[in-house]
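**Q** So that we are looking at the same thing, I have put the structure below in structure tokens.
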Amino acid sequence: MALRAGDMGRPARPVHIHRGRSLLSLLVALGTTGVSVLSVLRIGGYAHGQGIGLPVIVAVAAVTCAACAHVIALGWRAVALSARAGRVDEVHRARELGARASLRSWNALAWSCALLIGVGLAWLLALNDAAVSRTFFDLALIRRSAGEILSAFTTNIVIFAVSMVLILVWALLIAIARTLPGEAGRPLRLMATVYCDLFRGLPSIITIYLIGFGLPLTNLPFVSTLSSSTYAIIALTLTYGAYTSEIYRAGIEGVHHSLIAAARSLGFSHAMTLRHVVVPIALRNIVPPLMNDCISLQKDTALVSVIGTIDAFNQSKIIAANNFNLSAVTTVAILFVLITIPQARLVDRLTQRARSRRTGNA
């Protein structure tokens with residue numbers, strides 16, 4: 001015989017079947033579908049009148065209809081599960097069905113909110129004779145300026161690549177200086193600490209401005225005649241070297257002291273211990289935060305425009321000024337997003353791998 005609530009003298013716990021929330025989720029899903037369909041018809045007709053191809057409009061409408069069908073299915077399933085939970089006599093089964101109904105109802109509400117936000121963004125692009133679309137997403141201007149912007153974007157990539165290599169080496173030296181033991185290492189520790197405090201306190205754009213415009217004014221040999229890209233690389237190396245050195249230092253100090261003691265007991269000097277034991281172990285642990293610094297550095301290459309470097313951002317500003325339209329700047333934003341997303345996903349994967357290694361899971 002099935003165990004029911006109240007058996008064995010225990011008080012019955014209430015069974016929540018979430019009928020009200022399930023019904024609400026279905027009503028919200030139906031309302032969202034109505035708003036979405038009407039919006040697609042209205043905005044689609046306007047977009048077709050503005051010259052956007054019919055296949056694009058049909059594809060957007062199909063995706064919207066599929067999303068609406070998914071939302072309605074979730075809401076309907078929540079109502080059905082809630083109704084089944086109310087008809088079941090066995091308590092544990094009723095609770096299971098009620099929990100599933102609750103999950104479906106929350107999913108329906110969440111997807112409805114996401115769909116309404118998407119519809120709201122579509123209306124934002126279409127309002128006021130599509131002023132937002134024409135200002136930021138002029139497809140004709142994007143096509144005309146894409147070649148120039150892509151060519152200028154190579155400058156950002158070169159600055160990023162060279163700076164990253166220099167930063168990795170320079171920051172490691174600073175981190176080692178900050179972890180030097182004994183009285184003899186105190187002067188280097190002090191200088192490294194002052195350097196880190198200084199450049200972590202200075203905004204990147206100020207450092208780039210001071211170096212990009214200040215060094216040429218000094219008339220120093222081999223320094224005042226460099227290109228603006230070289231000044232940008234120097235400034236970014238100094239700025240990010242301070243941040244990255246702290247990541248290195250955290251990794252170095254995170255190596256267990258027993259490993260260092262074992263290396264020293266084998267006759268390794270301090271330098272040999274760093275080279276063969278400490279640094280290799282530290283590097284394995286700091287790859288994810290180093291990749292985060294890479295992403296930040298990639299984005300901050302746009303700051304070099306303040307010293308006149310013709311990078312993608314500066315090129316887009318020239319095009320925007322000539323056409324009184326910001327679509328070229330939008331193109332640059334899209335390029336930075338496209339080059340950053342793979343790095344972000346790599347960081348997630350490396351973080352997950354490190355977590356699995358620590359917990360012993362494959």
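The values are calculated or read from the model by the stated rules, or taken from the named source; none is laboratory data. Values in this document were obtained by computation on a predicted structure and should not be read as measured data. We place every Cβ from the backbone using ideal geometry, glycine too, and count neighbours over all the protein chains shown.
**Q** Return yes or no: is residue 62 in a helix (DSSP H, G or I) and either in contact with a Gly (Cβ under 6 Å, 6 or more places away or on another chain) or surrounded by 14 or more Cβ atoms within 10 Å (Cβ to Cβ) (or both)? Show your work before the answer.
**A** On the way: in a helix (DSSP H, G or I): yes; either in contact with a Gly (Cβ under 6 Å, 6 or more places away or on another chain) or surrounded by 14 or more Cβ atoms within 10 Å (Cβ to Cβ) (or both): no.
No: the conditions fail for residue 62.
**Q** Related question: Hey, residue 211 hits all of (1) closer than 20 Å to residue 250 by Cβ; (2) in contact with a helix residue (DSSP H, G or I) (Cβ under 6 Å, 6 or more places away or on another chain) but one; which does it fall short on?
**A** Among (1) closer than 20 Å to residue 250 by Cβ; (2) in contact with a helix residue (DSSP H, G or I) (Cβ under 6 Å, 6 or more places away or on another chain), residue 211 violates only (1).
**Q** Do we have any residue at all in region 205-218 that's among the hydroxyl-bearing types (Ser, Thr, Tyr), in a helix (DSSP H, G or I) and crowded, with 18+ Cβ neighbours inside 10 Å?
**A** First pass over region 205-218, keeping only residues among the hydroxyl-bearing types (Ser, Thr, Tyr): 207, 209, 218.
If we keep only those that are in a helix (DSSP H, G or I) as well, we get 207, 209, 218.
With the extra rule that they be crowded, with 18+ Cβ neighbours inside 10 Å, the set shrinks to 207.
The answer is yes; a qualifying residue exists.
**Q** Sticking with this one: For region 46-59, name all the residues that are assigned to a helix (DSSP H, G or I), exposed (fewer than 12 other Cβ atoms within 10 Å of the Cβ) and at pLDDT below 75.
**A** 49
**Q** Of everything in region 326-362, what is more than 23 Å from the chain's Cα centre (by Cα) and either under 25 Å from residue 157 (Cα atoms) or of a type in the set (Phe, Trp, Tyr) (or both)? Give them in sequence order.
**A** From region 326-362, those more than 23 Å from the chain's Cα centre (by Cα) are 326, 357-362; that's our starting set.
Scanning region 326-362 gives a single hit, 326.
**Q** Residues in region 121-139: is at least one under 30 Å from residue 197 (Cα atoms) and either in a helix (DSSP H, G or I) or not assigned by TED's automatic domain parsing to the domain that holds residue 57 (or both)?
**A** Keep residues of region 121-139 that are under 30 Å from residue 197 (Cα atoms), which gives none.
No, every residue in region 121-139 fails to be under 30 Å from residue 197 (Cα atoms) and either in a helix (DSSP H, G or I) or not assigned by TED's automatic domain parsing to the domain that holds residue 57 (or both).
**Q** Report yes if some residue within region 70-83 is modelled with pLDDT of 90 or more and closer than 30 Å to residue 313 by Cα; otherwise report no.
**A** no
**Q** Here's something else I'd like to know. What do you reckon, is residue 123 aromatic (Phe, Trp, Tyr) and over 30 Å from residue 321 (Cβ atoms)? Give the derivation first.
**A** Values: aromatic (Phe, Trp, Tyr): yes; over 30 Å from residue 321 (Cβ atoms): no.
So residue 123 fails the test.
**Q** What number goes with the only condition from (1) touching a residue at least 40 places away in the same chain (Cβ under 8 Å); (2) under 17 Å from residue 301 (Cβ atoms) that residue 161 does not pass?
**A** Only one criterion in (1) touching a residue at least 40 places away in the same chain (Cβ under 8 Å); (2) under 17 Å from residue 301 (Cβ atoms) is unmet by residue 161, namely (1).
**Q** Scan (1) of a type in the set (Val, Ile, Thr); (2) under 30 Å from residue 184 (Cα atoms); (3) in contact (Cβ under 8 Å) with a residue 60 or more places away in the chain for the single condition residue 301 breaks and write down its number.
**A** Looking at each condition in turn, residue 301 falls short on (2).
**Q** Here is a further query. Among the candidates 242, 235, single out the residue that is hydrophobic (A, V, I, L, M, F, W, C), more than 22 Å from residue 346 (Cβ to Cβ) and touching an Asp or Glu at 6+ places or on another chain (Cβ under 9 Å).
**A** Values: 235 fails: touching an Asp or Glu at 6+ places or on another chain (Cβ under 9 Å).
Among 242, 235, only 242 is hydrophobic (A, V, I, L, M, F, W, C), more than 22 Å from residue 346 (Cβ to Cβ) and touching an Asp or Glu at 6+ places or on another chain (Cβ under 9 Å).
**Q** What number of residues within region 273-302 satisfy the criterion of being under 15 Å from residue 179 (Cβ atoms) and among the hydrophobic types (A, V, I, L, M, F, W, C)?
**A** Count: 8.
**Q** Also: Under 6 Å between Cβ atoms, at least 6 apart or on separate chains: pull out the pairs that start in region 28-41 with a residue that is outside the structural domain of residue 69 (by TED's automatic domain parsing) and modelled with pLDDT of 90 or more and end on any residue that is in a helix (DSSP H, G or I) and surrounded by 18 or more Cβ atoms within 10 Å (Cβ to Cβ).
**A** If the second residue must be in a helix (DSSP H, G or I) and surrounded by 18 or more Cβ atoms within 10 Å (Cβ to Cβ), no pairs are left.
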